[in-house]
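Report on the following structure.
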Amino acid sequence: MTAEGRLFCPAGSPLAPLVDGLAWLWRLGPRLDAPQARAVGVGEPRDAAELAALVAARHLAGAVVFAAGSGEDAGPLPARRRQAGVARFGALSVEGPHTVFANGRAAVRSSLGVHAVRDGGFMALGAGPATWGRVDVVWALDAVAHFLAERLGRPLVLLPEIGCLRLDDFPGTAELQLRGEARDDARQRRRAERMIAFLRRAEARLVVAVAARALDGEREVPLDQVWPRAVAALAHGVERGVLEPACHGLLHLEPAARAEGHVDPREFSRIDAREAGRRLDAATRWLGQTIGAPRSFIAPAWGYGAGALAAASERGLLTWLPPAP
């Protein structure tokens, strides 16, 4: 079913991919390249005055402006600033950097300030295409959905409320060791035990992406030689059915970069299918013997080369790819 009310985005806008994604998600039809009275316009701060004028003239049913970062007061768009810290939205707390507005009627508010403002058919959000999908702007999707349903005068076609929890690089990786950011075994064991207890209470499951090896000085060693108690806790969580292991590579370091003395986590970005297969076989064998057999493969830092994809497919491993409209 094609919706009568749809989304308009100025030609050449960097927001076009985001608008296309929202239009697909909520079945709003193809993106419009010209205003229509039954459509909602979407733009950047520089589009705010034009979009507000189109709404006032009833050439648009509404307008949404994505305005992440700081900026001065500009017509319909209030001044805004970046604010670090934890924002509490009722029972939900998220750490950011956040964008908060200096004034205007609040559409979304937290303990840190106002994250979205409304003035009739005009709404501005402290979010943008670069921040979209990040946890600190988790509030934005609901705000846009409610606004569109109101201005278009019809409910949106919504997907079922489902989700997936995933944690990468736990309990640690060679990359984190080389960067001096790795946590010790005792701390990671306690963290794993807290996660398992929480997941059991919530009746949820967490996918944990685990690399098979780490570093002991210059030597590559199995991960459980560096984090033995944390790895044992992961195995316990898998046994209890609240953790699902995923292969996160062998060493979490790109071989050529490591040989040159650089730290690059994209282990599978430049290797061929044969080498990728060797690494996947060694990693999945260790996982199956130590924590649990993985069903999926997550390349470190999303670094999937053609060889990695081919090797994973040959082994029946599902691959996690970045989302796109």
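Here is a yes/no grid of residues against (1) touching a residue at least 40 places away in the same chain (Cβ under 8 Å); (2) closer than 20 Å to G133 by Cα:
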residue: W24; (1), (2): yes, yes
residue: G29; (1), (2): no, no
residue: A34; (1), (2): no, no
residue: V40; (1), (2): yes, no
residue: A49; (1), (2): no, no
residue: V55; (1), (2): yes, no
residue: L60; (1), (2): yes, no
residue: A63; (1), (2): yes, no
residue: P76; (1), (2): yes, no
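Those residues that are within 23 Å of the chain's Cα centre (by Cα) and either outside the structural domain of E218 (by TED's automatic domain parsing) or outside any loop (DSSP other than H, G, I, E, B) (or both), I need them from the range 244-283; list them, please. Across the range 244-283, the qualifying residues are E244, P245, A246, C247. V94 falls short of the stated requirement of being in contact (Cβ under 8 Å) with a residue 12 or more places away in the chain, assigned to a strand (DSSP E or B) and surrounded by 21 or more Cβ atoms within 10 Å (Cβ to Cβ). Selection of the range 275-287 for residues being within 21 Å of A233 (Cα to Cα) and crowded, with 18+ Cβ neighbours inside 10 Å yields A283, T284, W286, L287. Among the residues of the range 295-316, just one is more than 27 Å from A130 (Cα to Cα), under 22 Å from the mean Cα position of the chain (by Cα) and either in a loop (DSSP other than H, G, I, E, B) or of a type in the set (K, R) (or both), namely R295. When residues in the range 8-37 are screened for being more than 19 Å from L158 (Cα to Cα) and assigned to a loop (DSSP other than H, G, I, E, B), 12 of them pass. Screening F66 against (1) at pLDDT 95 or above; (2) within 20 Å of the chain's Cα centre (by Cα); (3) on the phi > 0 side of the Ramachandran plot leaves a single unmet condition, (3).
Per-residue answers, yes or no, for (1) within 30 Å of H236 (Cβ to Cβ); (2) at pLDDT below 95:
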position	(1), (2)
L253	yes, no
A257	no, yes
H262	no, yes
R266	no, no
A273	no, no
Q289	yes, no
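Kindly check whether there is at least one residue in the range 22-44 that is over 26 Å from the mean Cα position of the chain (by Cα) and surrounded by 22 or more Cβ atoms within 10 Å (Cβ to Cβ). Within the range 22-44, one or more residues are over 26 Å from the mean Cα position of the chain (by Cα) and surrounded by 22 or more Cβ atoms within 10 Å (Cβ to Cβ).
For the range 180-236, the candidate set comprises residues that are at negative phi and acidic (D, E); within that set, the residue that is surrounded by the fewest Cβ atoms within 10 Å (Cβ to Cβ) is E218.
The values are calculated or read from the model by the stated rules, or taken from the named source; none is laboratory data. All values derive from a computational prediction rather than experimental measurement. So basically every Cβ, Gly included, is an ideal-geometry build from the backbone, and we count neighbours across all protein chains shown.
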